[in-house]
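Reviewing the structure listed below.
The values are calculated or read from the model by the stated rules, or taken from the named source; none is laboratory data. Just so it is clear, the structure is predicted and the values come from calculations on it, not from any experiment. Methodologically, a virtual Cβ is constructed for each residue, glycine included, from the backbone with ideal geometry; neighbour enumeration extends over all protein chains shown. The protein model used for the area step is the full one, side chains on, heavy atoms only, and it has no ligands, DNA or RNA in it. Shrake-Rupley method; radii C 1.70, N 1.55, O 1.52, S 1.80 Å.
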Amino acid sequence: MSKKRIATVWLDGCSGCHMSFLDMDERLVEVFQQADLVYSPLVDLKEFPEEVDITLVEGAVSSEEDLHKIRMVRERTKILVAFGDCAVTGNVPSMRNPFGANAVLQRAYLENVTLHPQVPREVIPALIEKARPVHEVVKVDVFIPGCPPSAETIFLALSDLLADRMPDMAKLTRFGA
Amino acid sequence: MNQPVRVKTLKIDDRDVSGREDETILEVARQNGIFIPTLCNLEGLTPIGACRLCLVEIKGVSRLLPACVTRVEEGMEVYTQSERLQKYRRMVLELLFSERNHICSVCVVNGHCELQSMAQILGMTHVSVPYRFPRLPADASHERFVVDHNRCILCTRCVRVCDEIEGAHTWDVMGRGIDSRVITDLNQPWGESETCTSCGKCVNVCPTGALFEKGKPVYERLKKRQFLPYLTMMREERR
Amino acid sequence: MTPEELRKLAESQEEARPEPRHRIKICVAAGCLSAGSDRVREAVQNEIAQRGLEGECEVKGVGCLGLCTAGPLMLVEPDGVMYQNVTEADAADIVQSLGRKPVERLVCPSDMSFFTKQYKIVLENSGVIDPEKIEDYIARDGYTALARVLEDMSPQDVIDEITRSGLRGRGGAGYPTGLKWSTVAKAGGSRKFVICNADEGDPGAFMDRSVLESDPHRVLEGMAIAAYAVGASQGYLYVRAEYPLAVKRLRTAIRQAERLGLLGNNICGTTFSFHVDIRLGAGAFVCGEETALIASIEGKRGQPRPRPPYPAEYGLWGYPTLINNVETFANVAPIIRNGGDWFASIGTEKSKGTKVFALAGRVRNTGLIEVPMGITLREIIFDIGGGIPDGHKFKAVQTGGPSGGCIPEQYLDMPVDYESLAKVGSIMGSGGMIVMDETSCMVDVAKFFMDFCVTESCGKCVPCRVGTAQMYHLLDKITSGQATMDDLALLEELCDMVKYTSLCGLGQTAPNPVLSTLQYFRDEYIAHIVDKQCPAGVCQMRH
């Protein structure tokens, strides 16, 4: 039976969930006997491929680039997993929402800067007004809350998904875990 | 009152139980180890039936009734775990999470929060109603305590404990509907309150991290609630 | 005071004044007043003075004449000529025409369906008497019911009569009034209260306001009779502070009644005492809910509490309390005077008597009407209302305010009563009736009422406090063309949850406008979501 194609992606996250993913340590070997990592910021692949079976998405949708990325990922993925509190609830990136993108940029790049204060516009993707959890932008199939979800949780969830079972995450983890 | 209190027999989830006529369905359920979720309820404070988590189905009654304020009656048949109730409970919780800014990972009560625990108990792993992200302040003017309105769920336990147990009535609610907020005195900074006795009861009864003590690390921020039933017992019977 | 003594009193007041040859009645209720009827009155009085006709002509301010759209309204007696849209400039012509041909351009035909198809019980004195003169009220059998009750009837007799009449609460819920009175009467304890709910909060509703401004004594008499029946000696009239004219007229009325021994201690010389005090609201729709109203009178935050126990058992300050709507009390005196069977002969099998409606919206004759239960919507809108103006087409009629629903064309021949309205997904409510034509967007209507509920929610229970805000947000997305079908599914789920889990009637009925427009006008919702278009051309699409 052919190996499942899995991918991981990070949007506006701190990469902590990916670190937790790596914390699976030797069990990573077990996982990658059943799956191929076809895209990840942890490896050198440049293009997100078509026909991915499972994608783990870390981070909230905060910028125009995140929007573009997540829509593309959703199109090319069968099972999308919102991975970590930022992806599930918005979490820390969403703390800027009550103030609005403009106010935050002003405070960070103009008020608190002495040398050449300016809001970056070139190359850096524009912030969208509110940082949103992934499911407010695209349809999500599995939610793994936790900040970060423990390696144990990730392993159990992945094991279920790779065996074509839907994991029951409520028993394994919670917000802020 | 010299009349003996009558005992009623009823069924909860098809189990035969009994309770005094002045006891509520919630009290009887708890005595018998039957779980009914609550948030605004706290033993020792007057129940108000506001959070709607404890709604139960009663045979022959068309409306759902809150278990925390409904007295037991002879022959009642109560159901606490139907699919419909579970759905409604989850939705109440989702509405609460979406109402204000509940960021668990950076919260002072992460791990000992009743709202967070309730999400786990009810199997809620994400919120399907859109988050509102309102702009709300925190007030750290008090010497020992802080109130962060982003975490408040308007359960009004603080209002009730300060009014009924401490007697100072420093806390109350201002505004209406979604703009409601708990306030100290006449919406003055807590540190300037002339009525607050700094007893800390409100901090201890708060189910979330809205009210917390300064200077304690997260793992020490346990709420101490043993005082409440004890104090209630030592005072005269109100009912 | 026996009915005969009352009658003598009234007659003596009448005899003190010589009967004028002409009586000009000008509506001074809030609607016409805001159109300048007080200036009209002054102008007419000046005109009469200038011509030296004071002895022959009496100018009198009266209550609501009903056809508010054509105000300021004027009635000239004994000719029975009604004038509409009167201005101060018309004063000369009007006075000139007394006893001669009426002023044609101002005449309002009195044989219009608007007037002929009404059946006035609650409003029988409105527009006839001066609301600031108790003598006028007494001359029209005022307080005779109270006198008879105190002289000839026991409290149980009164309750039986009300029960026999089939009167149901006119505040919206339609609870059998006799049953409510009976429950309070049976409740133990020596202290009981009677409360009149005059916190009319539905947007666009002004039935209670008109009754209070036009015939305040009718309400007081009803309250006194109720107090006698249930065993109360203190009453409160909770009026919304936005009705200053009603409050003023009530204060005058209470004073006048007390002076004549018809209210206060030892009414009509008997051992029955009943005092009425006014309590003002402070701008909260939720205080129209009975337990929130009671909390407000007690000086607390106006928030409802879970029921049971009901106010009949545990009400104001913990005592058994009877709380009824203005219109309910206004029906009491006629029922006592004419008998419960008479009242029961009007209306339908389960809904007896008449109902006052505030007819508004896209209809020719907007104003206040009173019709027997069982009349069809078609008769109300097209006969009494005069139909849809400007060549537009009827689309829906909204009844019951923010707690009610929209009724489409196919139900126009439905009889108006409590059961029928509930069956089609609306409610009778307190009597607001808003007619809509094809230029109204039903989704926009639902959004308007949801906005109202969000602002007026008291905030105590989670479903109403947050649920209405979420539902409003979804409706806003729909009306601005930014919603998806998933949003519609979420909206329907929230409607169901808020309806069945809210603590009080505000939350429980907040989803009704959405549910009823979804039931009959679902295609409009789909058009907004899928086609990003508003079929009525009202909503501004944003992208």
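Quick one: how many residues across region A:79-90 are in a helix (DSSP H, G or I), facing chain B (nearest Cβ under 7 Å) and either in contact with a strand residue (DSSP E or B) (Cβ under 8 Å, 6 or more places away or on another chain) or more than 18 Å from B:Cys107 (Cα to Cα) (or both)?
Within region A:79-90, residues that are in a helix (DSSP H, G or I), facing chain B (nearest Cβ under 7 Å) and either in contact with a strand residue (DSSP E or B) (Cβ under 8 Å, 6 or more places away or on another chain) or more than 18 Å from B:Cys107 (Cα to Cα) (or both) number 1.
So how many residues does region B:111-125 have that are assigned to a helix (DSSP H, G or I) and either closer than 19 Å to B:Phe212 by Cβ or open to solvent by less than 20 Å² (accessible area, probe 1.4 Å) (or both)?
6
Could you please find all residues in region A:133-144 being farther than 10 Å from A:Ala87 by Cβ and touching a strand residue (DSSP E or B) at 6+ places or on another chain (Cβ under 6 Å)?
Answer for region A:133-144, where residues must be farther than 10 Å from A:Ala87 by Cβ and touching a strand residue (DSSP E or B) at 6+ places or on another chain (Cβ under 6 Å): A:Val137, A:Asp141, A:Val142.
Quick check on B:Val108: is it of a type outside the set (Lys, Arg), more than 10 Å from every other protein chain (Cβ to nearest Cβ) and either open to solvent by less than 40 Å² (accessible area, probe 1.4 Å) or assigned to a loop (DSSP other than H, G, I, E, B) (or both)?
Details: of a type outside the set (Lys, Arg): yes; more than 10 Å from every other protein chain (Cβ to nearest Cβ): yes; either open to solvent by less than 40 Å² (accessible area, probe 1.4 Å) or assigned to a loop (DSSP other than H, G, I, E, B) (or both): yes.
Yes; evaluated as a whole, the condition is true for this residue.
With respect to C:Thr517, is the statement that it is within 11 Å of chain B (Cβ to nearest Cβ) and touching a strand residue (DSSP E or B) at 6+ places or on another chain (Cβ under 7 Å) true?
In short, no.
Are there any pairs with C-beta distances below 8 angstrom linking a residue in region A:91-105 that is more than 18 Å from B:Pro130 (Cβ to Cβ) and within 7 Å of chain B (Cβ to nearest Cβ) to a residue that is open to solvent by 40 Å² or more (accessible area, probe 1.4 Å) and assigned to a helix (DSSP H, G or I), with the two at least 6 apart or on different chains, and if so which?
Close Cβ pairs (under 8 Å, with a partner that is open to solvent by 40 Å² or more (accessible area, probe 1.4 Å) and assigned to a helix (DSSP H, G or I)) amount to A:Val92/B:Val106.
Taking A:Ala108, is it at pLDDT 90 or above, open to solvent by less than 60 Å² (accessible area, probe 1.4 Å), within 14 Å of another protein chain (Cβ to nearest Cβ) and outside any loop (DSSP other than H, G, I, E, B)?
No: the conditions fail for A:Ala108.
Look through C:Thr484, C:Thr501, C:Thr468, C:Thr439 and report the one residue that is among the hydroxyl-bearing types (Ser, Thr, Tyr), within 14 Å of chain B (Cβ to nearest Cβ) and surrounded by fewer than 22 Cβ atoms within 10 Å (Cβ to Cβ). Before the answer, list the steps.
Values: C:Thr501 fails: surrounded by fewer than 22 Cβ atoms within 10 Å (Cβ to Cβ); C:Thr468 fails: surrounded by fewer than 22 Cβ atoms within 10 Å (Cβ to Cβ); C:Thr439 fails: within 14 Å of chain B (Cβ to nearest Cβ).
After ruling out the rest, the residue left standing is C:Thr484.
I'd like to verify a number: residues in region A:22-43 that are within 23 Å of A:Glu75 (Cβ to Cβ), in contact (Cβ under 8 Å) with a residue 12 or more places away in the chain and not acidic (Asp, Glu), how many?
7
Kindly indicate which of C:Asp383, C:Asp444 is away from chain B (no Cβ under 14 Å) and more than 24 Å from C:Glu524 (Cβ to Cβ).
C:Asp383
List the residue pairs whose Cβ atoms are under 6 Å apart, where the first residue sits in region A:163-177 and is closer than 24 Å to B:Ser117 by Cβ and within 8 Å of chain B (Cβ to nearest Cβ), the second is part of a loop (DSSP other than H, G, I, E, B) and among the polar types (S, T, N, Q), and the two are 6 or more positions apart or on different chains.
Listed pairs, sorted by first residue: A:Met169/B:Thr125; A:Ala170/B:Thr125; A:Gly176/B:Asn110.
Do any strands (runs of 3 or more DSSP E) lying entirely in region C:1-110 carry at least 3 residues that are free of Cβ contacts under 8 Å to residues at least 24 places away in the same chain, and which ones are they?
In region C:1-110, there are no strands (runs of 3 or more DSSP E) which contain 3 or more residues that are free of Cβ contacts under 8 Å to residues at least 24 places away in the same chain.
Restricting attention to region C:111-126, report how many residues are polar (S, T, N, Q) and either open to solvent by 40 Å² or more (accessible area, probe 1.4 Å) or not in a loop (DSSP other than H, G, I, E, B) (or both). Reasoning before the result, please.
Initial filter on region C:111-126 (polar (S, T, N, Q)): C:113, C:116, C:118, C:125-126.
Cutting the leftovers down to either open to solvent by 40 Å² or more (accessible area, probe 1.4 Å) or not in a loop (DSSP other than H, G, I, E, B) (or both) gives us C:113, C:116.
Final tally of qualifying residues: 2.
Does B:Tyr131 satisfy the criteria of being at pLDDT below 95 and closer than 22 Å to B:Leu115 by Cβ?
The answer is no for B:Tyr131.
Can you find a residue in region B:167-189 that is part of a helix (DSSP H, G or I), open to solvent by 20 Å² or more (accessible area, probe 1.4 Å) and away from chain C (no Cβ under 13 Å)?
The answer is no; no qualifying residue exists.
Would you check if A:Lys139 is at pLDDT 90 or above, facing chain B (nearest Cβ under 10 Å) and open to solvent by 60 Å² or more (accessible area, probe 1.4 Å)?
On the way: at pLDDT 90 or above: yes; facing chain B (nearest Cβ under 10 Å): no; open to solvent by 60 Å² or more (accessible area, probe 1.4 Å): yes.
Answer is no for this residue.
If you check C:Gly222 against the conditions, is it in a helix (DSSP H, G or I), open to solvent by less than 10 Å² (accessible area, probe 1.4 Å) and without any contact (Cβ under 8 Å) to a residue 40 or more places away in the chain?
Against the criterion (in a helix (DSSP H, G or I), open to solvent by less than 10 Å² (accessible area, probe 1.4 Å) and without any contact (Cβ under 8 Å) to a residue 40 or more places away in the chain), C:Gly222 does not qualify.
Could you run through region B:38-80 and say how many residues are more than 9 Å from chain C (Cβ to nearest Cβ), open to solvent by 20 Å² or more (accessible area, probe 1.4 Å) and more than 24 Å from C:Val466 (Cβ to Cβ)?
Final tally of qualifying residues: 12.
Where residues in region B:149-158 are over 11 Å from the mean Cα position of the chain (by Cα) and open to solvent by 20 Å² or more (accessible area, probe 1.4 Å), which of them is farthest from B:Leu228 (Cα to Cα)?
B:Asn150
Against the definition (open to solvent by less than 10 Å² (accessible area, probe 1.4 Å), closer than 30 Å to A:Phe83 by Cα and either away from chain A (no Cβ under 14 Å) or touching a residue at least 24 places away in the same chain (Cβ under 8 Å) (or both)), how does B:Leu95 come out, yes or no?
yes
Tell me which of these B:Val159 doesn't satisfy, since it passes every other one: (1) in a helix (DSSP H, G or I); (2) within 12 Å of chain A (Cβ to nearest Cβ).
Tallying (1) in a helix (DSSP H, G or I); (2) within 12 Å of chain A (Cβ to nearest Cβ), B:Val159 fails exactly one: (2).
Take region C:488-543 and flag every residue that is without any contact (Cβ under 8 Å) to a residue 24 or more places away in the chain and closer than 18 Å to C:Gly172 by Cβ.
Matches in region C:488-543: C:Lys499, C:Gln508.
Which of the residues that make up region B:132-156 are in contact with a Gly (Cβ under 6 Å, 6 or more places away or on another chain), in a loop (DSSP other than H, G, I, E, B) and within 14 Å of chain A (Cβ to nearest Cβ)? Walk me through how you get there before you give the answer.
At the first step, the residues of region B:132-156 found to be in contact with a Gly (Cβ under 6 Å, 6 or more places away or on another chain) are B:141-142, B:151.
In the following step, the residues that additionally are in a loop (DSSP other than H, G, I, E, B) were identified as B:141-142.
Answer for region B:132-156, where residues must be in contact with a Gly (Cβ under 6 Å, 6 or more places away or on another chain), in a loop (DSSP other than H, G, I, E, B) and within 14 Å of chain A (Cβ to nearest Cβ): there is none.
Hey, A:Ala131 hits all of (1) at pLDDT 95 or above; (2) surrounded by fewer than 12 Cβ atoms within 10 Å (Cβ to Cβ) but one; which does it fall short on?
For A:Ala131, the failing item is (2).
Please go through region A:142-156 and give me each residue that is within 11 Å of chain B (Cβ to nearest Cβ) and open to solvent by less than 10 Å² (accessible area, probe 1.4 Å), ordered by number. I'd like the intermediate steps shown before the answer.
Step one: list which residues in region A:142-156 are within 11 Å of chain B (Cβ to nearest Cβ), which gives A:142-149.
Correct list: A:Val142, A:Ile144, A:Pro145, A:Gly146, A:Pro149.
C:Val462 is checked against (1) within 14 Å of another protein chain (Cβ to nearest Cβ); (2) more than 16 Å from C:Gly204 (Cβ to Cβ); (3) open to solvent by 10 Å² or more (accessible area, probe 1.4 Å) and fails just one. What number does that condition carry?
(3)
Quick one: which helices (runs of 4 or more DSSP H) sit completely within region C:461-542 and have at least 3 residues that are polar (S, T, N, Q)?
Here the list reads C:462-479, C:512-520.
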